[in-house]
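Remarks on the structure that follows.
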Amino acid sequence: MPSDQAFSEAKKALEERYGDSFVITDAFRNKLEHWPKIQSRDNIGLRKFSDLLNQCCVVMTTIKGLSVLNDDRENRKLLLKLPEWVVTRWARIVSKLKDAHGEFRLSANLPSSWQRKPRSHATQ
């Protein structure tokens, strides 16, 4: 299924289920807030968290209430969920982006760089 079609269907399902943008925003923020700390070798947990952040960024294009996730303070809350190696890598990326562009926006810089390729010995 093409990603545009999948997004449209997901958005339609959310609108039917929740009805308005405030409730959708609240549902995403609650899910992020209650996400457990990801352990160092939990590649699947990291991938699932990254997928959720990607969904937030996509929804953010049409539901402006999620743009709060672009805030530095909100980004620091998300970092608390991540393994230390990801925080270190992400800090370098954010620093480079801020130097180059004067700001950092999660929605413009999806967190795909957080993910490592799963290895056969990784915790699943």
**Complete:** Taking only Cα atoms of the range 3-114, the Rg to Rh ratio with Kirkwood Rh works out at 0.97
**Asked** Quick one: putting +1 on the C-beta of Lys and Arg, -1 on the C-beta of Asp and Glu, what dipole do you get for the range 12-107 around its Cα centre, in Debye to the nearest 20?
**Response** 360 debye
**Fill in**
Partner lysines whose C-alpha sits under 18 Å from that of LYS81, ignoring same-chain residues fewer than 8 away, are LYS31, LYS37, LYS48
**Prompt:** So which GluC sites (Glu not before Pro) in the range 22-106 pass both tests, a DSSP loop state and at most 13 other Cβ atoms within 10 Å of the Cβ?
**Reply:** GLU103
**Fill in**
Net charge (Lys, Arg +1; Asp, Glu -1) of residues whose beta-carbon lies under 13 Å from that of PRO36, PRO36 excluded, is +2
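For a Förster distance of 30 Å, can you work out the FRET efficiency between the beta-carbons of GLU9 and VAL87, rounded to the nearest 0.05?
Once the sixth-power term is evaluated, E becomes 0.30.
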**Prompt:** Which lysines have a Cα less than 18 Å from the Cα of LYS12, not counting those fewer than 8 places away in the same chain?
**Reply:** LYS64
**Item:** Other-chain or far-sequence residues with amide H under 5 Å of ARG105's (modelled H)
**Value:** none
**Item:** Highest average packing first - 62-73, 90-101, Cβ atoms within 10 Å
**Value:** 62-73, 90-101
**Fill in**
Of the candidates SER40, HIS101, ALA10, the farthest towards the positive dipole end of the range 3-114 (Lys/Arg Cβ +1, Asp/Glu Cβ -1, centred on the Cα centre) is SER40
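Every read-out reported here was derived from the displayed coordinates using simple, explicitly stated rules and does not represent laboratory data. Bear in mind the structure is a predicted one, so any value in this text is a computation, not a measurement. Don't worry about glycine lacking a Cβ; one is built from the backbone with ideal geometry, like all the others, and counts go over all protein chains shown.
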